[in-house]
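See below for the structure under consideration.
The values are calculated or read from the model by the stated rules, or taken from the named source; none is laboratory data. The shown structure was predicted, so the numbers you read here are calculated from the model rather than taken from an experiment. Glycine gets a Cβ as well: all are built from the backbone with ideal geometry, and neighbour counts include every protein chain shown.
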Amino acid sequence: MNRFQALALLGVFSIGLTIAPIETTNAQTQSTGLPLPRFVSLRAAEVNLRTGPGVQYPVEWIFQRESLPVEIIKEYRTWRLVRDWEGTQGWMHQSMLSGKRTFLVTNKARTIRTKPEAKGKAVAVVEPGTVGEVLACPESSGWCQVRIKGLDGWLRRVDFWGTSRNEAFE
């Protein structure tokens, strides 16, 4: 076997193609045992998004916002296939991700309220693109408790990205 054949078998060498590793065991595809998909956030202010699970794959995108929420949809050893709120997908090393739950306000300005109800007093109005922390999402509630820069309140789930539709956590 020559060097080219060995590199091709290892998925290290490609000619204009992205070669993903062949998945043979559950340990390779879900190394943490945590549920998939799941939401996490970016640990650093600059994080590379790669075309495959390894440093040999090209950087396709660079996220430049710490705490931005992303959704892990697949695992391969120490690499995570993530999706952002616009649907962009790519691989990140696990060290660039945090278990801290955050959210991103989408579409238009949204009102944070004192109670999980539309009649609750307005605490703040947040603009699209605002990132904050998700503190809790009670079961069978369309609202989540959030924090932005030390300000706590409630925001409707449909007003942000960063939790699953029926996900509950406290």
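Which one of the conditions (1) free of Cβ contacts under 8 Å to residues at least 60 places away in the same chain; (2) not in a strand (DSSP E or B) does Lys100 fail to meet, given that it meets all the rest?
All conditions pass for Lys100, except number (1).
Could you go through the stretch 101-110 and let me know if any residue there is surrounded by fewer than 18 Cβ atoms within 10 Å (Cβ to Cβ) and modelled with pLDDT of 95 or more. Steps first, please.
Initially, the stretch 101-110 is screened for residues surrounded by fewer than 18 Cβ atoms within 10 Å (Cβ to Cβ), giving 106-109.
From what is left, the residues that are modelled with pLDDT of 95 or more are 108-109.
Yes: one or more hits.
So which residues in the stretch 134-147 are surrounded by fewer than 19 Cβ atoms within 10 Å (Cβ to Cβ) and either assigned by TED's automatic domain parsing to the domain that holds Glu86 or out of contact with any helix residue (DSSP H, G or I) (no Cβ under 9 Å at 6 or more places or on another chain) (or both)?
From the stretch 134-147, those surrounded by fewer than 19 Cβ atoms within 10 Å (Cβ to Cβ) are 135-136, 138-142, 145, 147; that's our starting set.
Across the stretch 134-147, the qualifying residues are Leu135, Ala136, Pro138, Glu139, Ser140, Gln145, Arg147.
Among the residues of the stretch 113-170, which ones are outside any strand (DSSP E or B) and among the charged types (D, E, K, R)?
Correct list: Lys115, Glu117, Lys119, Lys121, Glu127, Glu139, Lys149, Arg157, Asp159, Arg165, Glu167, Glu170.
Have a look at Leu155, Leu135 and point out the one that is more than 18 Å from the chain's Cα centre (by Cα) and in contact (Cβ under 8 Å) with a residue 12 or more places away in the chain.
Numbers: Leu135 fails: more than 18 Å from the chain's Cα centre (by Cα).
Residue meeting the stated conditions: Leu155.
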